[in-house]
1. Hey, can you tell me all the residues within segment B:34-55 that are in contact (Cβ under 8 Å) with a residue 60 or more places away in the chain and under 20 Å from B:LYS98 (Cβ atoms)?
2. Is it the case that A:GLU133 is within 30 Å of A:ILE93 (Cα to Cα), assigned by TED's automatic domain parsing to the domain that holds A:PRO70 and out of contact with any Leu (no Cβ under 7 Å at 6 or more places or on another chain)?
3. A:ALA614 passes all but one of (1) more than 12 Å from chain B (Cβ to nearest Cβ); (2) buried (at least 22 other Cβ atoms within 10 Å of the Cβ); which number fails?
4. So, of the residues in segment B:93-116 that are in contact with a Phe, Trp or Tyr (Cβ under 9 Å, 6 or more places away or on another chain) and buried (at least 16 other Cβ atoms within 10 Å of the Cβ), which turns out to be farthest from B:PHE21 (Cα to Cα)?
5. Hey, any hits in segment A:79-100 for a residue that's more than 30 Å from B:VAL16 (Cα to Cα), among the small types (Gly, Ala, Ser) and assigned to a helix (DSSP H, G or I)?
6. Could you check how many residues of segment A:301-356 are surrounded by fewer than 23 Cβ atoms within 10 Å (Cβ to Cβ), part of a loop (DSSP other than H, G, I, E, B) and polar (S, T, N, Q)?
7. Which of (1) in contact with a helix residue (DSSP H, G or I) (Cβ under 9 Å, 6 or more places away or on another chain); (2) within 14 Å of another protein chain (Cβ to nearest Cβ); (3) part of a helix (DSSP H, G or I) is the odd one out, the single condition A:HIS73 does not satisfy?
Amino acid sequence: MRVGVFVCHCGRNIAGTLNIEKIKEEVAKHSGVVHVEDYIFMCSDPGQKLIRDRIKEKNLDAVVVSACSPSLHEKTFRNNAASVGLNPYKVEIANIREWASWPHEGKPEEATEKAIKIIKATVEKVKSNIPLEPLSVPVTRKVLVIGGGIAGIQASLDIANAGLEVYLVEKKPSIGGKMAQFSETFPTLDCPQCIETPKMTEVANHPNIHLYAYSEVVDVSGFVGNFKVKVKRKATYVDWNKCTGCSECAKVCPVKVSSEYDVGVSQRKAIYIMFPQAVPNKATIDPEHCLRLVYGKGCGLCAKTCPAGAINFEQKEKIEEIDVGAIIVATGFDVMDPSLLTEYGGGKYKDVISALQFERILAPSGPTGGKVVRPSDGKEPKTVVFVQCAGSRDPEHYMPYCSKVCCMYTAKQALLYKHAVPNGHAYVFYIDVRTDGKGYEEFYERVLREAEATYLRGKVAEIYKEDGKLKVLGVDTLTGKGVEINADLVVLATAAVPSEGIKELAKVLRIQTDEYGWLKEAHLKLRPLETATSGIFIAGAAQFIRDITDTVSHASGAAAKALSLLSRNRIEREPLVAEVNEEICSGCGNCVEACTYQAIKIDPETNIAKINTALCEGCGACQASCPSAAIQLTNSYKKQLFEMISILAKE
Amino acid sequence: MAEKSVEEGKEKFEPVIVGFFCRWCTSEAADLAGTIRLQYPPNIRPIRVMCSGFIDPIYVLKAFLEGADGVLIGGCHLGECHYINGNYKAQTRVKVIKEVMKSLGLEEERLRLEWISTSEGLKFAEVANEFTEQIRRMGPNPLKKLKRE
């Protein structure tokens, strides 16, 4: 065996802590190593060329690149080696950056020792790796998009327009998401009804899009290119094939419920259409509040009234199975419940509301027809206080991160408020005003001029009621003086938080969330659209709060990723699957039991385990269960693990 | 457990710990810990594996027989396994391994199974700190002494 070891300095990231000369000296002594070389940036063009040249000159038959994590550049170095004829599976990465130089900066000697051990163990592994060819499997050229907000809509349209079939699953009765709740959007003041509704209609009418509204993904199995998905289609108790969306049912329904779409600013009925522009424009019965469904008898006014005879109290939920090759998760975000912000009187005072509620009050299509009135008494508020960073940038109490969109929408709301109430005055408490987008700073300047809003740099300490007035106590940190404002209405820019149910969905999809619940990308900088699970992509604010412009770009990016994956009829899979040594296998069946994927069967004729490589996911659970080492995971052979352990366990 | 393992004048005992880290979670957490420059002792020597359910009991025993003072297995939180239930398999096997360890005269605390997700870089560093300290207090693997004698 002729192994070449290439040690990367990563500038000073590795070489600043580890003793490269010592590493080279020690590793060169290891059996099988015929060449050791270091370079400042192994992943750069000259670095990669260096490796290619040495593979040829030194006739190397295996390579260890000692550098950063394999999740960063394993592919890079494997492709590089393959370009000069070395099988990519004869290249392994020894992670001496994340695992040695970075976490042990103050202990260069020990860190160097650790790095040497890691490299030697990796050399032992690569020596016994066998060359492999990727497995080629057929793909289902269809895409599942989860979430029908602007991200899911954009991704679905891009894919459908490229000619592939899309299943768009939305848990609410209508698509549209948060964007459909906004009044007007910064920095152009377009109304979402003008710019989103046409896209919603396009989704509904597109021949390549199957729209599953009021549905949820409950199970996902399979792997990239071949996912099997179970979708629960919840009972709407209305036959949507018959429903014409006339809303006669809602007129006669006697039950009023707080409207989710209007964030509690108005009420809807127990049978309802989410909003006039809903897609699909079909009625849904809320089973928790419908008298007929709760008591099992009585009422039924909607059924008597419906001119289409669409009401069906006997309707049951259904599970539908669909096959797709890729999945895009576009589940968006939620805003923090203002009642959590007790110091601001959230949930306690009717006139302390969230910015999303204020969007509904400002919206021309909203419950007040765009007339700005406050919830407590329906009067026009003459003094409005906007509190930014309500729950954001507050690591001690709430979310440490910046919710990114609040500076801009607060400015917009201050402007829209001024347009609606010309003799009103707005105060805005802010920590910093962040306007990092095209046309954003200009928009903010316009608001300062046109809205005549008073921007106060500082945090609000407390909001309480005195003599029927809301008192806002804060500090203006620029003058160092305390500020006290009598407000008619307080609008809290509550923190953006991951959408409800995302953790459960992540479990179903076997993808990860971060510490807050935002979806975890494969790499924050370089693979922000992918999850660690191949074939599953993220679109929009499900990864982290972003505005509409960025969401649409992100969604188109995710669509492009899915399209490029499905641009072929077959895709290549990692050939790291289990294999059986037929001479040793006794047919005991332990592996059959250990395999979660039913990929192993005992051949009744030979009494030997047989593997269906199309089903094998390469987890290696069978190997751990085999008493005779007859079944092993390719390139994670027992022999390799033993050699690695021997090196690492010794002092 | 020895109250005081560092005797006057003697060199401080530096334990050797072998880590088996699932590539889908704990390996990534270790990457993250490094990326954000969390500092922890260099005693843990990691092997990246496909899944905690891949770990054959014999690997753990091999590590102890080769002289490791501790073994740390890192897998995904229950319910979050990339392979659906590999971590449950690991959990069961760890129980069996601990029984075998006891019969060999090895304290079962020398083997630890932890669930550390991709985003838990901080937890990884904390576990590394804490487990290294624990093994340091416990002193060297008793099998090593046996070998020398």
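The values are calculated or read from the model by the stated rules, or taken from the named source; none is laboratory data. Every value quoted in this text rests on a predicted model; they were computed, and no experiment measured them. Note that we place each Cβ from the backbone using ideal geometry, even for glycine, and neighbour counts take in every protein chain shown.
1. Selection gives B:ILE44, B:SER52.
2. No.
3. (2)
4. Once the filter is applied, the top-ranked residue is B:LEU106.
5. Checked against the condition, which is being more than 30 Å from B:VAL16 (Cα to Cα), among the small types (Gly, Ala, Ser) and assigned to a helix (DSSP H, G or I), segment A:79-100 yields at least one hit.
6. 2
7. Of the numbered conditions (1) in contact with a helix residue (DSSP H, G or I) (Cβ under 9 Å, 6 or more places away or on another chain); (2) within 14 Å of another protein chain (Cβ to nearest Cβ); (3) part of a helix (DSSP H, G or I), the odd one out for A:HIS73 is (1).
Listed here are the residues, each with its yes/no results for (1) crowded, with 22+ Cβ neighbours inside 10 Å; (2) of a type outside the set (Ser, Thr, Tyr); (3) away from every other protein chain (no Cβ under 13 Å).
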position	(1), (2), (3)
A:ALA115	yes, yes, no
A:ILE119	yes, yes, no
A:VAL126	yes, yes, yes
A:ILE130	no, yes, yes
A:THR140	no, no, yes
A:GLY149	yes, yes, yes
A:SER156	yes, no, yes
